[in-house]
Amino acid sequence: QQQVKQSPQSLIVQKGGISIINCAYENTAFDYFPWYQQFPGKGPALLIAIRPDVSEKKEGRFTISFNKSAKQFSLHIMDSQPGDSATYFCAAIKNTGNQFYFGTGTSLTVIP
Amino acid sequence: NAGVTQTPKFQVLKTGQSMTLQCAQDMNHEYMSWYRQDPGMGLRLIHYSVGAGITDQGEVPNGYNVSRSTTEDFPLRLLSAAPSQTSVYFCASSKQGRDTEAFFGQGTRLTVV
């Protein structure tokens, strides 16, 4: 049973547009929510992460929005660039630590 | 910095063969894990370890064995390869604690024919 649900499975965005990827969870024991970025032939790498005590975190063009009551969080990529084309995974970690629960991934393609 | 090193990068096995995927990290991380990545299914946890001598099963452990004799190494053994084990395998390591970053290796693409 998928503990973190991610959508959409794939996304095509024009250069300069906004890419939005959504994730949802049920387990209230989750209290750390990272996003990972994976380029073809590479392992995933940490992009940005958020704790549930804040509703938004921004790093450059990447923003996480977090809705604790709805148990949802999303990644927004502003001014999307072809170099952002990759697979994105949301994840959640329990307050007991360490074990990552990953979403199913979103393949993002940014068209020049 | 080497980080997490996986070998081999590619492997073709015949059904029934056994093999070991190697994983080593040089960051002194306590936590290590193995995932398989399949299209549309994301990263699924196979086995993990919270320290030398301690391992546990993840979501999809059947057909795989692990051991952790040192902090640095966490090999994954396929006992009798099956076509269903065709996948890309990733090893990851992280420090203990919930605000932690997982560092992934480059992956091993395994094909079982």
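Laboratory data are not the source of any read-out in this text; all were calculated from the coordinates shown. Owing to the predicted nature of the structure, the values given are computational and were not obtained by experimental measurement. A quick note on method: Cβ atoms are made from the backbone with ideal geometry, for glycine too, and the neighbour counts reach across all protein chains shown.
Just going by the charge dipole of segment B:39-113, with Lys and Arg at +1 and Asp and Glu at -1 on Cβ, which of B:Val66, B:Ser94, B:Ala52 is farthest out on the positive end? Comparing the listed Cα positions along the dipole, B:Val66 ranks first.
Here the simple spin-label model places points 7 Å from the Cα toward Cβ, and for B:Gln22 and A:Ile12 these points are separated by 4.3 nm. Cβ crowding within 10 Å, taken as a proxy for footprinting-reagent exposure, orders B:Arg36, A:Arg61, B:Arg68 from fewest neighbours to most as A:Arg61, B:Arg68, B:Arg36. Measure out, as a whole number of angstrom, how far apart the alpha-carbon centroids of segment B:9-43 and segment A:45-103 sit. Value for the Cα centre distance between the two parts: 25 Å.
Which residue, B:Met41, B:Met19, B:Met32, tops the fluctuation ranking in a GNM of chain B built on C-alpha contacts under 10 Å? Taking springs between Cα atoms under 10 Å, the residue moving most is B:Met41. Using C-alpha pairs under 8 Å with a sequence gap of at least 6, the mean separation divided by the residue count of chain B gives a relative contact order of 35 percent. Each other residue within a Cβ distance under 10 Å of A:Ile48 adds +1 if Lys or Arg and -1 if Asp or Glu, for a net charge of +1.
Each residue, A:Asn27 and B:Ser69, gets one label point 7 Å from its Cα in the Cβ direction; the gap between the two is 3.2 nm.
Local charge for A:Asp79 was computed over the other residues whose Cβ lies under 12 Å away, with Lys and Arg +1 and Asp and Glu -1, and equals +1. Under a GNM of chain B (C-alpha, springs under 10 Å), which listed residue has the highest mean-square fluctuation: B:Tyr64, B:Tyr35, B:Tyr89? Comparing B:Tyr64, B:Tyr35, B:Tyr89 in a Gaussian network model of chain B, the most mobile one is B:Tyr64. One compactness figure for chain B is 1.00, namely its Cα radius of gyration divided by 2.2 N^0.38 Å. Once you order the gyration tensor axes a ≥ b ≥ c over the Cα atoms, which shape class does the protein assembly as shown get: rounded for a/c under 1.5, otherwise prolate or oblate by comparing a/b with b/c? Since a/c reaches 1.5 and a/b is larger than b/c, the shape of the protein assembly as shown is classed as prolate.
Taking the number of Cβ atoms within 10 Å of each Cβ as an exposure proxy, the fewest-first ranking of B:Phe103, A:Phe73 is B:Phe103, A:Phe73. Near the amide H of A:Gly105, within less than 5 Å, lie the amide hydrogens of A:Cys90, all on another chain or at least 5 residues away, with H placed in the peptide plane.
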